[in-house]
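Step one of this worksheet: look at the structure below.
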Amino acid sequence: MSVSGAASLSETDRALIRILQEDLPLAAEPYAEIAGRLGLTEEEVLERVRRWCDQGVIRRFGASVRHRRVGYKANCMVVWRVDDPLEQRRVGQLFAGFERVTHCYRRPVRKDWPYNLYTMIHGADREDLDRLVAGMSEASGIGDYRLVFSVREWKKTSMKYFSEGTSNDG
């Protein structure tokens, strides 16, 4: 968000941004809960977010899953080799539809790393992940993949644009 864009935000806009840069509420209707905190309707909150996306104020809207809080004790990045660009699109859309895939994206291949499709998956344990990946492989017809497990998490935070109580936000 540019400084000039920040100057045109209302106090309600700034309050909404402060909330959105934190974890979304673990609720069936998180935007309704956010709206209630601000004295807005859920549709008003969603309309502001849509407008900011359309205007380029929000260029990326992502979520970090705190997988242990929701019951998943194991997670890994699965890297897939999918050579054909049309096949990459098909397989990427297929994988994105799996409930326990939280990230799915394409990256360029490297001379010593031929994998170009990445999926972050979560499960109860290693065996659960193995079953899930086997099902993804069978559904997609892609057999060239590797499971990459995290050894340690160093940091997992979101960008903060406005902080509570700061008079000179932006």
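Scanning region 1-12 for residues that are at pLDDT 80 or above and surrounded by 16 or more Cβ atoms within 10 Å (Cβ to Cβ) yields a total of 1. For region 101-135, the set of residues classified as touching a Leu at 6+ places or on another chain (Cβ under 6 Å) and charged (D, E, K, R) consists of 106 only.
Taken together, the residues in region 83-113 that are part of a strand (DSSP E or B), within 14 Å of the chain's Cα centre (by Cα) and surrounded by 13 or more Cβ atoms within 10 Å (Cβ to Cβ) amount to 4. Taking region 13-54 as the range and being surrounded by 15 or more Cβ atoms within 10 Å (Cβ to Cβ) and touching a residue at least 60 places away in the same chain (Cβ under 8 Å) as the test, the residues that pass are 14, 17, 18. Collect the residues in region 90-143 that are β-branched (Val, Ile, Thr) and in contact with a Phe, Trp or Tyr (Cβ under 9 Å, 6 or more places away or on another chain), keeping them in residue-number order. Within region 90-143, 91, 101, 109, 119, 121, 133, 142 qualify.
Taken over region 114-135, the residue count meeting the criterion of being closer than 17 Å to residue 97 by Cα and either assigned to a strand (DSSP E or B) or basic (Lys, Arg) (or both) is 8.
Residues of region 70-82 being at pLDDT 95 or above and not in a strand (DSSP E or B), which ones? 81, 82 - these are the residues of region 70-82 that are at pLDDT 95 or above and not in a strand (DSSP E or B).
Here is the figure for region 114-140: residues that are within 18 Å of residue 83 (Cα to Cα) and free of Cβ contacts under 8 Å to residues at least 40 places away in the same chain total 6.
The values are calculated or read from the model by the stated rules, or taken from the named source; none is laboratory data. This structure is a prediction, so every number in the text was calculated from the model and none was measured. Note: ideal-geometry Cβ built from the backbone for every residue, glycine included; neighbour counts use all protein chains shown.
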